[in-house]
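A.B. asks: What follows is a single structure, and I will ask about it in a moment.
Read-outs: derived from the displayed coordinates by stated rules, not from any lab. This one's a predicted model, so the numbers in the text were calculated from it and none came from an experiment. All Cβ positions, even for glycine, are placed from backbone atoms using ideal geometry, and neighbour counts span all protein chains on display.
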């Protein structure tokens, strides 16, 4: 069996797959055109978020039996098309949950205490002690849109910090540290709103101008989930108008999000889709990728 590694993957994982008797070809910088040309040779492929696996590529993958996505979301894979052609699609949903949750909580603090703006001010040689009056997140309400592994990990941390936690999801769920509410209730009651939902036709622009109009004045919005769940134009307008006090974004509708106009606003902070980019998470993702590849081909 021959597996193509399309995106950067931990070397220990590649060694483990090879040790199981599976041929590994490591091409972490493979281009879309190259991938179309070489994919017929492979029985399996490992991807992260960079590589897009759409129907035209799948139609070329005449020998492909499995796609393993190192990470949570499957937005970059046409799962239905793959499965209709007999290709299994696997992912590693639990491996990076804690890392993304910790980044989300970090953003809550950064927004509440103006940490990036204060650092920039200090770097400019200023001492603006009276300018930066923050707020405490304790006793504030956090609304989580999406309540899977990452949403739950975030909710537990926020509750431990003294926040009131609300969440919205379709299926009924009972947890001791958070209350399930309707989306409209969440929008109306939350001081902070954090998105942890996949990007689907149902969740596309779940935060749009209408949703923002239902929020508290001065709300903060965090998205470490998936780009496309926020209407970025509507968010920009709400930030300029002061309806939204600040936003922290790790994901964007178009990535890489270079020279994005949201970052012309001082009240916006962000990062280049690094929610899962910790040493610990990458090690867990790599180990789980290897486990799933080996189990698929050797059982």
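A.B. asks: Helix-only estimate, please: 222 nm mean residue ellipticity of the chain, summing -39500 (n - 2.57) across DSSP H runs of length 4 or more and dividing by its residues, to the nearest 500.
C.D. replies: Working: 11 runs with 108 residues, N = 299.
Only helices count here, giving -10500 deg cm²/dmol.
A.B. asks: With r as the distance between the Cβ atoms of residue 271 and residue 27 and R0 = 45 Å, compute the FRET efficiency 1/(1 + (r/R0)^6) and round to 0.05. If you can, show how the numbers build up before the last one.
C.D. replies: Working: r = 27 Å, r/R0 = 0.59.
Efficiency, from the Cβ-Cβ distance: 0.95.
A.B. asks: If you count the DSSP beta bridges with both ends in the chain, what percent of them are antiparallel, to the nearest 5? Spell out each step's value before the answer.
C.D. replies: Numbers: 1 of 41 bridges.
Looking only at bridges with both residues in the chain, the antiparallel portion is about 0 percent.
A.B. asks: Right, another one. Hey, fewest Cβ within 10 Å first, where do 122, 215, 36 land in order? Intermediate values should be presented prior to the final figure.
C.D. replies: Numbers: 122 11, 215 22, 36 14.
Taking fewest neighbouring Cβ atoms as first place, the list is 122, 36, 215.
A.B. asks: I need the shape label for the chain. Rule: rounded when a/c is under 1.5, else prolate if a/b > b/c, else oblate, with a, b, c from the alpha carbon gyration tensor. Please list the in-between numbers first.
C.D. replies: On the way: a/c = 2.02, a/b = 1.86, b/c = 1.09.
In terms of gyration-tensor shape, prolate.
A.B. asks: Under the classification rounded if a/c is under 1.5, otherwise prolate if a/b is larger than b/c and oblate if not, where does the stretch 60-196 fall, given a ≥ b ≥ c as square roots of the Cα gyration tensor eigenvalues?
C.D. replies: oblate
A.B. asks: In degrees, nearest 10, range 0 to 90: what is the angle between the Cα axis of helix 232-241 and the longest Cα principal axis of the chain?
C.D. replies: Result, in degrees: 10.
A.B. asks: Right, here's the next one. Between 0 and 90 degrees, rounded to the nearest ten: what's the tilt of helix 149-160 against the longest Cα principal axis of the chain?
C.D. replies: Computed tilt is about 30 degrees.
A.B. asks: Another question about this same structure. Just the ratio, please: alpha-carbon radius of gyration of the stretch 97-270 over 2.2 N^0.38 Å, N its number of residues.
C.D. replies: On the way: Rg = 15.5 Å, N = 174, 2.2 N^0.38 = 15.6 Å.
It is 0.99.
A.B. asks: Per residue, what volume in Å³ does the Cα convex hull of the stretch 112-162 take up? Working shown, then result.
C.D. replies: Details: hull volume 5.0 nm³, N = 51.
In the stretch 112-162, the Cα hull volume divided by residue count equals 98 Å³.
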